[in-house]
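See structure below.
The values are calculated or read from the model by the stated rules, or taken from the named source; none is laboratory data. Keep in mind that what you see is a predicted model, and the values were worked out from it rather than measured. Cβ placement follows ideal geometry from the backbone for every residue including glycine, while neighbour counts extend to all protein chains displayed. We work out accessible area using only protein heavy atoms, side chains counted, and drop any ligands, DNA or RNA first. Shrake-Rupley method; radii C 1.70, N 1.55, O 1.52, S 1.80 Å.
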Amino acid sequence: QVQLVESGGGLVQSGASLRLSCVASGRTFSRYIMGWFRQAPGQEREFVAAINWNASNTYIGDSVRGRFTILKDNAKATEYLQMVSLKPEDTAIYYCAGNRRGLFWNAQEYDVWGQGTQVTVSS
């Protein structure tokens, strides 16, 4: 089982871009379907994006489609979330997660989670 560590969060202004990274330890990262979720204070954890094991297929959440891109580099054991045109409503803790079964939007289907990285977008 892999362990996941996110980085790349921060405080930015509305309209800015950020790239989040999620580095995995362990030798089986290439077998994992990876996802990004986010959780704002007082809200449910929300699906952002997911990518299959060889990066040939992605699934993007409605609220970020057209602005966020998910990438996976098996050689570097790293997943990325490229975010552009950020809005204040994107403010949340962003988590990467993995599973070995499918491209799911449901957080309960993911077995491995990182600790999260804070993204704050000011207006």
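To the nearest 20 debye, what is the magnitude of the charge dipole of the stretch 1-55 about its Cα centre, counting +1 on the Cβ of each Lys and Arg and -1 on the Cβ of each Asp and Glu?
Using Cβ point charges on Lys, Arg, Asp and Glu, the stretch 1-55 gives about 200 debye.
What percentage of the solvent-accessible surface of the stretch 39-93, computed with a 1.4 Å probe over protein heavy atoms, is contributed by carbon and sulfur atoms?
Ligands and nucleic acids excluded, carbon and sulfur give 48 percent.
Where nothing but the Cβ of Lys and Arg (+1) and of Asp and Glu (-1) is charged, how large is the charge dipole of the chain around its Cα centre, in debye to the nearest 20?
The dipole magnitude comes to about 340 debye.
Give the accessible surface of the stretch 19-59 per residue, rounded to a whole number of Å², with probe radius 1.4 Å and ligands, DNA and RNA excluded.
Averaged over the residues of the stretch 19-59, the accessible area is 53 Å².
Counting only the heavy atoms of the protein chains, how much of TRP53 is accessible to a 1.4 Å probe, in Å² to the nearest 10?
TRP53 exposes around 130 Å² with every protein chain in place.
What nm distance separates the two modelled labels at GLN13 and ARG101, each placed 7 Å from Cα along Cα→Cβ?
About 4.6 nm, to one decimal.
What nm distance separates the two modelled labels at SER85 and GLU46, each placed 7 Å from Cα along Cα→Cβ?
Label at SER85, label at GLU46, 1.6 nm between them.
Say the dipole of the stretch 71-123 comes from +1 at the beta carbon of Lys and Arg and -1 at that of Asp and Glu; which of CYS96, LEU86, THR120 then lies farthest toward its positive end?
With unit charges placed on the Cβ atoms, the residue in question is CYS96.
Determine which residues of the stretch 81-123 fall in the zone a paramagnetic label at ARG65 would reach in this model, i.e. backbone nitrogen under 19 Å from the point 7 Å along Cα→Cβ.
Counting only backbone N, you get 82-87, 90, 103-107.
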